[in-house]
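Just so it is clear, none of the values below were taken in a lab; they were calculated from the coordinates. This structure is a prediction, so every number in the text was calculated from the model and none was measured. Because the Cβ atoms are built from the backbone with ideal geometry, glycine has one as well, and the counts that use them run over all protein chains shown.
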Amino acid sequence: MTGRATVARTISTPLLLKGLEFDHVLIPDAEHYVKQKTAAAKSFYVAISRARHSLTISSKTPILQFPLPNL
C-alpha cells in the first residue's frame, strides 16, 4: 500500500475541503450557511458538491433562501 491511510470520518468546513470528494456527505445544519455574512451561497455550494454517492442535508425548513449578492 502506498500513500496515507484514509480516515473513516472527516469533520471540517467547506473551505478546508474544497477540491476534495467524499463518498457520503452530511450537512447537519443547512441554515448555518444562510446566516453567514459573506459568500453564503458559494460556501453552501462547495459543501454540497463534495459528495460522490450520497448527500444528506438537515434543516429545520424545507427551503433555504439565500440573500441576493451585492454586485
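Based on Cα contacts under 8 Å between residues 6+ apart, the chain shows a relative contact order of 38 percent. Using just its DSSP H runs of length 4 or more, each adding -39500 (n - 2.57), the chain gives a mean residue ellipticity at 222 nm of -5500 deg cm²/dmol after division by all residues. Kirkwood Rh over Cα pairs of the chain into Stokes-Einstein at 20 °C, 1.002 mPa s: D in µm²/s? In µm²/s, the coefficient rounds to 158. Straight-line cross-link reach from Lys60 at under 25 Å between alpha-carbon atoms covers these lysines, not counting any fewer than eight positions away in the same chain: Lys35, Lys37, Lys42.
For the chain, a simple Cβ point-charge model (Lys and Arg +1, Asp and Glu -1, everything else neutral) yields a dipole of about 140 debye relative to the Cα centre. Spin-label pair Leu68-Lys37: with each label point 7 Å from Cα along the Cα-Cβ axis, the two points sit 2.3 nm from one another. Using a Gaussian network model of the chain in which every pair of alpha carbons under 10 angstrom is joined by a spring, one finds that among Ser59, Ser12, Ser43 the greatest mean-square fluctuation is at Ser12. Of the residues Ala40, His53, Ala8, the one whose Cα sits farthest toward the positive end of the charge dipole of the chain, with +1 on the Cβ of Lys and Arg and -1 on the Cβ of Asp and Glu, is Ala40.
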